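Everything below concerns the one structure shown next.
The values are calculated or read from the model by the stated rules, or taken from the named source; none is laboratory data. Just so it is clear, the model here is predicted, and its values are computed rather than measured. In this analysis, Cβ positions are derived from the backbone assuming ideal geometry, glycine residues included, and neighbour counts consider all displayed protein chains.
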DNA sequence: GGGCCAACTTGACAGTGTCAAGTGAATTCT
DNA sequence: AGAATTCACTTGACACTGTCAAGTTGGCCC
């Protein structure tokens, strides 16, 4: 019972943190504000997380887990490498565009140093593995090196996501709700580029 | 004379800021630390910059200016669209890899809101224009839409830069000093992908 | 019933950004 | 020449932050 309550506050803190950064931005995140929102004293979070970085690391870990799950979900039932390639690309962009603050946090390595937070590192690796597998399939059919596909496909999709989230593409890509469609279009072009060579 | 001294402190503050974030990371930046390093009181910087965001905006503006200058410099003497394409790609990666903190700051739109800092916005636009021009040339020879080249080429190079800076590609791309060569290699592959279609 | 431990709370400290109010020298006005 | 103003700062305060240290309270075991 006590353990359940314990787990409860941990969960409440994580949920409050995510809600906070997604609503007010990452800069608005503070230990004390999270505690306030959870209705506990300013030191209560330290019972579950060693410090500020640790709670952020936990959020990052959950983010990569969810990204992995969604990627795997998007792959379900698809067997053709090209289709699978676009599927994870779209899943990646979907996640980024619908959880901007969470996504950004996952790539702020000064805030969460992965060598100090192995769980976050492991979750990131889990999501990475999905990409590597699909890139391998693509490499088979396209003749590109697997490493090349991983690096450049990830770079393109990640770059597109970040630039859109930072508002740097408002001139070239439609903003508003239809930006997801625009992003999808870009991924489909990447599929052509990488999957049917020659 | 007084005006010159005035300009001096402004310059000193900007230089101290840049040195600080490049040496200790963006998180280490604080108004008071900058003042300390410049040898002035903690409020002196407010004489030249309205607030924290304003000094960061000035740094961002200088960053985009330098990026534009380096891009134009890299283009000098090159006339073939494909060569020009790789040249600005390499210039972009060069800048990012050699000025990581500066580069990251330039794409942290929560820290520097461009609608509040038109000078930063204008400098960003200046760098963007260089890309747009080269993308236009590439579009002519490749048959892709100009908008497509802008978006996907920028995304790929920007994504590669950010992922490398965040240490997310250590498994797939060599780290250490030779990572610049690895990044160059990637850009050359992008040239093939975008410039000689079919 | 005493000790123990988990799950907190209360209090303090140095650091931060920034508002408000000086200060002293140079410049301008009369 | 002397007064007023302005410039380029300084000093002091405030609320906020992360985190160390020291309580407090309830339930459990022996």
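Results for (1) within 11 Å of chain B (Cβ to nearest Cβ); (2) over 27 Å from residue B:100 (Cα atoms); (3) crowded, with 21+ Cβ neighbours inside 10 Å, shown as yes or no for each residue.
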{"site": "A:85", "(1), (2), (3)": "no, yes, yes"}
{"site": "A:96", "(1), (2), (3)": "no, no, yes"}
{"site": "A:106", "(1), (2), (3)": "yes, no, yes"}
{"site": "A:118", "(1), (2), (3)": "no, no, no"}
{"site": "A:123", "(1), (2), (3)": "no, no, yes"}
{"site": "A:145", "(1), (2), (3)": "yes, yes, no"}
{"site": "A:165", "(1), (2), (3)": "yes, no, no"}
{"site": "A:171", "(1), (2), (3)": "yes, no, no"}
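The condition of being buried (at least 18 other Cβ atoms within 10 Å of the Cβ) and within 11 Å of DNA strand D (Cβ to nearest atom) does not hold for residue A:91. Of the candidates A:181, A:139, A:120, the single residue that is touching a residue at least 24 places away in the same chain (Cβ under 8 Å) and not in a loop (DSSP other than H, G, I, E, B) is A:120. The numbered conditions (1) at the interface with chain A (Cβ under 7 Å from one of its Cβ atoms); (2) surrounded by fewer than 16 Cβ atoms within 10 Å (Cβ to Cβ) are all true for residue B:189 except (2). Of all the criteria given as (1) within 10 Å of DNA strand D (Cβ to nearest atom); (2) assigned to a loop (DSSP other than H, G, I, E, B), the one not satisfied by residue A:40 is (1).
Scan region A:43-52 residue by residue and report those that are outside any helix (DSSP H, G or I) and either more than 7 Å from DNA strand C (Cβ to nearest atom) or surrounded by 11 or more Cβ atoms within 10 Å (Cβ to Cβ) (or both). First the steps, then the outcome.
Initial filter on region A:43-52 (outside any helix (DSSP H, G or I)): A:43, A:48-51.
Within region A:43-52, A:48, A:49, A:50, A:51 meet the criteria.
Of all residues in region A:7-32, those that are within 14 Å of another protein chain (Cβ to nearest Cβ) and at pLDDT 95 or above have Cβ atoms under 6 Å from Cβ atoms of residues that are within 12 Å of DNA strand D (Cβ to nearest atom) and in a helix (DSSP H, G or I), 6 or more apart or on another chain, in A:29/A:20; A:29/A:21. Do we have any residue at all in region B:128-135 that's part of a helix (DSSP H, G or I), within 16 Å of DNA strand D (Cβ to nearest atom) and at pLDDT 95 or above? The answer is no; no qualifying residue exists.
Taking region B:47-76 on its own, how many of its residues are within 16 Å of DNA strand D (Cβ to nearest atom) and within 20 Å of residue B:105 (Cβ to Cβ)? Reasoning before the result, please.
So in region B:47-76, the residues within 16 Å of DNA strand D (Cβ to nearest atom) come out as B:47-52, B:54-55, B:58.
Next, from what is left, pick out any that are within 20 Å of residue B:105 (Cβ to Cβ): B:48-52, B:54-55, B:58.
Matching residues across region B:47-76 total 8.
Looking at residue A:147, is it assigned to a loop (DSSP other than H, G, I, E, B) and either within 23 Å of residue A:21 (Cβ to Cβ) or at pLDDT 95 or above (or both)? Spell out how you get there, then give the answer.
Values: assigned to a loop (DSSP other than H, G, I, E, B): no; either within 23 Å of residue A:21 (Cβ to Cβ) or at pLDDT 95 or above (or both): yes.
It is false that residue A:147 is assigned to a loop (DSSP other than H, G, I, E, B) and either within 23 Å of residue A:21 (Cβ to Cβ) or at pLDDT 95 or above (or both).
A single entry from A:35, A:91, A:23, A:96 fulfils the requirement of being in a helix (DSSP H, G or I) and within 16 Å of DNA strand C (Cβ to nearest atom): A:35.
Does region A:173-184 hold any residues that are over 20 Å from the mean Cα position of the chain (by Cα) and within 11 Å of chain B (Cβ to nearest Cβ), and which are they?
Filtering region A:173-184 down to residues over 20 Å from the mean Cα position of the chain (by Cα) leaves A:173-176, A:178.
A:173, A:174, listed by residue number.
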